[in-house]
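Engineer: The structure follows.
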Amino acid sequence: MSQQLADIPVTELKGVGNALAIKLERLGIHSMQDMLLHLPLRYQDRTRVVPIGGLRPGDECVIEAEVKVADVVQGRRRSLVCRIQDGTGTMSLRFFHFNAAQKNSLKPGSRIRCFGEARPGAHGLEMVHPEYKQIAGDGYTPIAETLTPVYPATEGLHQNRLRSLIDLAQQYLKSHPLEDLLPDAMRSRWQMPEINRAIAYLHHPPADADQDQMLEGKHPAQRRLAFEELLAHHLSLLKLRAKTRELGAVALPFQGHYCQTFINSLPFPLTNAQLRVSQEVAQDLAQPWPMLRLVQGDVGSGKTVVAALAGLQAVENNQQAAVMAPTEILAEQHYNNFSAWLEPLGLKVAWLAGKLKGKQREAQLQLIRSGEAHVVVGTHALFQEEVVFADLGLVVIDEQHRFGVHQRLSLREKGRNGHITPHQLIMTATPIPRTLTMSAYADLDCSIIDELPPGRTPVNTVVIADERRDQVIARVKAACAEGRQVYWVCTLIEESEALQCQAAEVTAEQLRETLPELRVGLVHGRMKPAEKAAVMGEFKAAELDLLVATTVIEVGVDVPNASVMIIENPERLGLAQLHQLRGRVGRGSVESFCVLMYHAPLSKQGRERLAVMRETTDGFKIAEKDLQLRGPGEVLGTRQTGMMEFRIADLQRDADLLTRVKQVASQINEQPLHAEAMIGRWLGRGEEYGTV
Ligand code: ADP
Ligand code: MG
């Protein structure tokens, strides 16, 4: 039966034409089933009449009273004011929009029933524009039997209209009940109500329902639906994963020679975490289906070496590896690293970015096409159509948190070569809270590099108001006098890159004037890649003392001698981004500082966030806090992509359900039709992950 309600468009309802259907679509409502899953935000209690004497400001309720007088008064705005009395007290009703008939109907002595919010007025409490009706003679006027739902509405579609539409949809539900896709045993084990009952309950809860619990989204009926929704998302990702497994890949068994020579050539031993994760990757690569592994490791944990080892394993099997970075600066740095590491082994590294043009570009494309290039490093330019790989066996994507699941899929498609799909290694420096990994990344296997190379000293973080800029500058001067290098980061102003660059230019100019003895460089997003690279090169070679930068230095740039970072207006950035930035310092053995120079006044949340930065350098703790303060959409950076949008579930509130979701997913999967129906019910047809 469930298919039916999902298949009935809203236009089936009486009075729903195209114009209304478009408004409903804005609320994500396409079918009758969607209509039923559009749940109230809160409720009004219209089930009992409240005595006026017992009203407090802010109460939203029903009262019944006798009209004493109704008059038009000329205040700041003309209004109709009606005094009413019920034996326990008196109050006013106020109407700014009214007509003569309305005034005449509110005759002294008549009885009315009103619903509205009691607010403090000029003469005691008043209700502005209450809903009201006359109580006929001594006839009986029925009162609501259940709580009245208040739905998320949209412009041009009012609460009352929405209510009556959803009531109509509920009539349909009686004759076309939804199929309960959760097995009875599972429901009774966790005391989850049957789906039709849960839906009916939430649209019209009984008068004595626990409203506080419902406001928090903790009612068993809500939890039951949230559970099914989370399960549907999870199943969709598992399906995606299963589909990937069906694809063929070239098995790349570990051979050893290049890998071992490379490890021996490094000036340091690998950490245990690097070794463990590399082994996990090596095992995946040996399978004849594509690896899909996410490697999480804090800034500076040494992910690049892990990527290089994976690349070498591909090369040992006569396959190419592509390494993709999100920015040109980072791609260039990877290129430099990989060249320095691999060329001594007699391997060729190619380089590709959007800015590379003409003959140079053609030369690189030729290296990639002919198979002469063993490893190819670049930006997303690597996935343009004209780029043809001879034998692409592995794709490494660095700093994955910038991409959502949809982009991840499209890269996979672009990397595909006939029936063979390359292995994929995805690396992120933004630790992803466990709850999110379980849901948003259920299609990936996860490895965590949970150890930093030895000899790093934790960064001291100081939070300081920009009124004390002079002191900060003195500190910069002192650090440089000791031969250290300093980053000075200017943050985004009003989302405008142009303004941000301008601000960085001005700051650099001011610092040059204030600190004439220092060599000050500037790097920002609007400079040509070659210019940026030149400045970064000078900084790396210690030809600059102070580098003023926009947030372009966020990812990956590695200058161990830089031990101080000033971040202006850190309150504008997310915690994850601050953590990334701060990771640029503390890479050498000297004590490092990060100065968060905020602009007062800070919001409560702003203060809390900067305090987190001061108190911990643990990326996972920071990520959990970020999730708590900003919500999953922001943390994953995918608000725009529409990924992870839930109708009912809330990853944080319902985090405890995720373990259960994981437990039962395979059980549901044994009934493929149920799994399909569930995915269809919650993600909508064609919108599920994997049909990109
Ligand atoms: P991230 O995980 O942030 O990408 P990188 O791969 O850039 O980190 O490594 C950061 C720095 O640590 C680099 O200079 C790298 O050469 C160095 N490094 C990597 N692994 C080790 C190790 N096992 N011991 C010491 N230094 C290491
Ligand atoms: Mg890195």
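The values are calculated or read from the model by the stated rules, or taken from the named source; none is laboratory data. Everything numeric in this text was worked out from a predicted model, so none of it was measured. Cβ atoms come from the backbone with ideal geometry, glycine included; neighbour counts cover every protein chain shown. Surface accessibility is based on the protein's heavy atoms, side chains included, excluding ligands, DNA and RNA. Shrake-Rupley method; radii C 1.70, N 1.55, O 1.52, S 1.80 Å.
Engineer: Of the numbered conditions (1) part of a loop (DSSP other than H, G, I, E, B); (2) free of Cβ contacts under 8 Å to residues at least 24 places away in the same chain; (3) open to solvent by less than 40 Å² (accessible area, probe 1.4 Å), P142 fails exactly one; give the number of that condition.
Structural biologist: Of (1) part of a loop (DSSP other than H, G, I, E, B); (2) free of Cβ contacts under 8 Å to residues at least 24 places away in the same chain; (3) open to solvent by less than 40 Å² (accessible area, probe 1.4 Å), only one is false for P142: (3).
Engineer: Now, a different point. May I ask you to list the residues in region 316-346 that are away from ligand 1 (no atom under 15 Å from the Cβ) and out of contact with any helix residue (DSSP H, G or I) (no Cβ under 6 Å at 6 or more places or on another chain)? Can you show your working first?
Structural biologist: Here is the first cut: in region 316-346, the residues away from ligand 1 (no atom under 15 Å from the Cβ) are 316-322, 328, 343-346.
Correct list: N317, N318, Q319, Q320, E343, P344, G346.
Conditions tested, residue by residue: (1) touching a helix residue (DSSP H, G or I) at 6+ places or on another chain (Cβ under 6 Å); (2) assigned to a helix (DSSP H, G or I).
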site	(1), (2)
V506	no, yes
E509	no, yes
R512	no, yes
L518	yes, no
G521	yes, no
R526	yes, no
A534	no, yes
F539	no, yes
A542	no, no
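Engineer: OK, next. Of the conditions (1) touching a residue at least 40 places away in the same chain (Cβ under 8 Å); (2) touching a Lys or Arg at 6+ places or on another chain (Cβ under 8 Å); (3) closer than 15 Å to Q33 by Cα; (4) small (G, A, S), A207 fails just one. Which one is it?
Structural biologist: For A207, the exception is condition (3).
Engineer: Something else: Which ones in region 249-272 are within 36 Å of the chain's Cα centre (by Cα) and more than 11 Å from V305 (Cβ to Cβ)? Break it down into steps so the answer makes sense when it comes.
Structural biologist: The first filter runs over region 249-272 and keeps only residues within 36 Å of the chain's Cα centre (by Cα), leaving 249-252, 270-272.
Listed by number, the residues that qualify are A249, V250, A251, L252, N272.
Engineer: On the given criteria, is E467 open to solvent by less than 20 Å² (accessible area, probe 1.4 Å) and modelled with pLDDT of 70 or more? Step through it out loud before you land on a result.
Structural biologist: Working: open to solvent by less than 20 Å² (accessible area, probe 1.4 Å): no; modelled with pLDDT of 70 or more: yes.
Answer is no for this residue.
Engineer: Continuing with the same structure: Of all residues in region 166-184, which are out of contact with any Lys or Arg (no Cβ under 9 Å at 6 or more places or on another chain) and either assigned to a helix (DSSP H, G or I) or modelled with pLDDT of 95 or more (or both)?
Structural biologist: If the condition is that a residue be out of contact with any Lys or Arg (no Cβ under 9 Å at 6 or more places or on another chain) and either assigned to a helix (DSSP H, G or I) or modelled with pLDDT of 95 or more (or both), then I166, D167, A169, Q170, Q171, Y172, L173, K174, S175, D184 are the ones that fit.
Engineer: Looking at region 503-529, which of its residues are modelled with pLDDT under 80 and open to solvent by 30 Å² or more (accessible area, probe 1.4 Å)?
Structural biologist: First pass over region 503-529, keeping only residues modelled with pLDDT under 80: 525, 529.
Result: no residue meets the conditions.
Engineer: Taking region 281-297, which residues are within 22 Å of D618 (Cβ to Cβ), more than 7 Å from ligand 1 (Cβ to nearest atom) and of a type outside the set (A, V, I, L, M)? It would help to see each step written out before you state the result.
Structural biologist: The initial filter retains those residues of region 281-297 that are within 22 Å of D618 (Cβ to Cβ), namely 294-297.
Adding the requirement that they be more than 7 Å from ligand 1 (Cβ to nearest atom) leaves 294-296.
Scanning region 281-297 gives a single hit, Q296.
Engineer: Checking the conditions here, which among R241, R187, R163, R223 is within 21 Å of A675 (Cα to Cα), without any contact (Cβ under 8 Å) to a residue 60 or more places away in the chain and part of a helix (DSSP H, G or I)? Give the derivation first.
Structural biologist: Values: R241 fails: without any contact (Cβ under 8 Å) to a residue 60 or more places away in the chain; R163 fails: within 21 Å of A675 (Cα to Cα); R223 fails: without any contact (Cβ under 8 Å) to a residue 60 or more places away in the chain.
After ruling out the rest, the residue left standing is R187.
Engineer: Quick check on my filter: what residues within region 244-267 are of a type outside the set (V, I, T) and either in a helix (DSSP H, G or I) or within 16 Å of ligand 1 (Cβ to nearest atom) (or both)?
Structural biologist: Our first condition is that a residue be of a type outside the set (V, I, T); within region 244-267, this holds for 245-249, 251-260, 262, 264-267.
Passing the criteria: R245, E246, H257, Y258, C259, Q260, F262, N264, S265, L266, P267.
Engineer: Kindly evaluate S175 against the criterion of being over 33 Å from the mean Cα position of the chain (by Cα) and open to solvent by less than 60 Å² (accessible area, probe 1.4 Å). Full working, then the answer.
Structural biologist: Working: over 33 Å from the mean Cα position of the chain (by Cα): yes; open to solvent by less than 60 Å² (accessible area, probe 1.4 Å): no.
Spelling it out, it is not the case that S175 is over 33 Å from the mean Cα position of the chain (by Cα) and open to solvent by less than 60 Å² (accessible area, probe 1.4 Å).
Engineer: Another question, if that's okay. Residues that are surrounded by 22 or more Cβ atoms within 10 Å (Cβ to Cβ), at pLDDT 65 or above and within 16 Å of ligand 2 (Cβ to nearest atom): does region 400-423 have at least one?
Structural biologist: No, because not a single residue in region 400-423 is surrounded by 22 or more Cβ atoms within 10 Å (Cβ to Cβ), at pLDDT 65 or above and within 16 Å of ligand 2 (Cβ to nearest atom).
Engineer: Shifting gears a bit: Could you tell me whether V396 is within 16 Å of ligand 2 (Cβ to nearest atom) and modelled with pLDDT of 95 or more? Can you show your working first?
Structural biologist: On the way: within 16 Å of ligand 2 (Cβ to nearest atom): yes; modelled with pLDDT of 95 or more: no.
Answer is no for this residue.
Engineer: Follow-up. For region 281-377, give me every one of the strands (runs of 3 or more DSSP E) that falls completely inside it and has 2 or more residues that are within 16 Å of ligand 2 (Cβ to nearest atom), surrounded by 24 or more Cβ atoms within 10 Å (Cβ to Cβ) and over 31 Å from the mean Cα position of the chain (by Cα).
Structural biologist: By residue number, no strands (runs of 3 or more DSSP E) qualify.
Engineer: Another question, if that's okay. Which members of region 444-464 meet the condition of being in contact with a strand residue (DSSP E or B) (Cβ under 7 Å, 6 or more places away or on another chain) and part of a loop (DSSP other than H, G, I, E, B)? Let's see the steps before the verdict.
Structural biologist: Here is the first cut: in region 444-464, the residues in contact with a strand residue (DSSP E or B) (Cβ under 7 Å, 6 or more places away or on another chain) are 444-449, 457, 459-464.
Across region 444-464, the qualifying residues are L444, T457.
Engineer: Filtering region 579-609 down to residues that are more than 15 Å from ligand 1 (Cβ to nearest atom) and in a helix (DSSP H, G or I), which residue is surrounded by the most Cβ atoms within 10 Å (Cβ to Cβ)?
Structural biologist: This residue is R609.
Engineer: Another question, if that's okay. Within region 36-50, does at least one residue satisfy the condition of being assigned to a loop (DSSP other than H, G, I, E, B) and more than 30 Å from A226 (Cα to Cα)?
Structural biologist: Of the residues in region 36-50, the ones assigned to a loop (DSSP other than H, G, I, E, B) are 37-41, 45-48, 50.
The next check asks that each one be more than 30 Å from A226 (Cα to Cα); those that pass are 48, 50.
Among the residues of region 36-50, at least one is assigned to a loop (DSSP other than H, G, I, E, B) and more than 30 Å from A226 (Cα to Cα), which makes the answer yes.
Engineer: Suppose we keep only residues that are assigned to a loop (DSSP other than H, G, I, E, B) and out of contact with any strand residue (DSSP E or B) (no Cβ under 8 Å at 6 or more places or on another chain) within region 90-103. Which one would you say is least open to solvent (accessible area, probe 1.4 Å)? Walk me through it before giving the result.
Structural biologist: The initial filter retains those residues of region 90-103 that are assigned to a loop (DSSP other than H, G, I, E, B), namely 96-99.
So of that shortlist, the ones also out of contact with any strand residue (DSSP E or B) (no Cβ under 8 Å at 6 or more places or on another chain) come out as 97, 99.
Numbers: H97: 129, N99: 87 Å².
Among those that are assigned to a loop (DSSP other than H, G, I, E, B) and out of contact with any strand residue (DSSP E or B) (no Cβ under 8 Å at 6 or more places or on another chain), it is N99.
Per-residue answers, yes or no, for (1) β-branched (V, I, T); (2) open to solvent by 20 Å² or more (accessible area, probe 1.4 Å); (3) at pLDDT below 90:
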{"position": "I199", "(1), (2), (3)": "yes, no, no"}
{"position": "A207", "(1), (2), (3)": "no, yes, no"}
{"position": "L215", "(1), (2), (3)": "no, yes, no"}
{"position": "H219", "(1), (2), (3)": "no, yes, no"}
{"position": "R224", "(1), (2), (3)": "no, no, no"}
{"position": "L237", "(1), (2), (3)": "no, no, yes"}
{"position": "E246", "(1), (2), (3)": "no, yes, yes"}
{"position": "V250", "(1), (2), (3)": "yes, yes, no"}
{"position": "F254", "(1), (2), (3)": "no, yes, no"}
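Engineer: Looking at (1) touching a residue at least 60 places away in the same chain (Cβ under 8 Å); (2) not in a helix (DSSP H, G or I), which is the only condition L270 fails?
Structural biologist: Exception for L270: condition (1).
Engineer: Give me a count of the residues in region 318-352 that are free of Cβ contacts under 8 Å to residues at least 12 places away in the same chain and not hydroxyl-bearing (S, T, Y). Explain how you work it out, then say what you get.
Structural biologist: To start, the set of residues in region 318-352 that are free of Cβ contacts under 8 Å to residues at least 12 places away in the same chain comprises 336, 339-340, 343, 346.
Applying the additional criterion that residues be not hydroxyl-bearing (S, T, Y) yields 336, 340, 343, 346.
The number of residues fulfilling the criteria is 4.
Engineer: Considering each of G53, G28 in turn, give the residue that is loosely packed, with under 13 Cβ neighbours inside 10 Å and not acidic (D, E).
Structural biologist: When all the criteria are applied, what remains is G53.
Engineer: Considering only region 610-637, state which residues are at pLDDT 90 or above and either touching a strand residue (DSSP E or B) at 6+ places or on another chain (Cβ under 7 Å) or crowded, with 19+ Cβ neighbours inside 10 Å (or both).
Structural biologist: L610, V612, M613, R614
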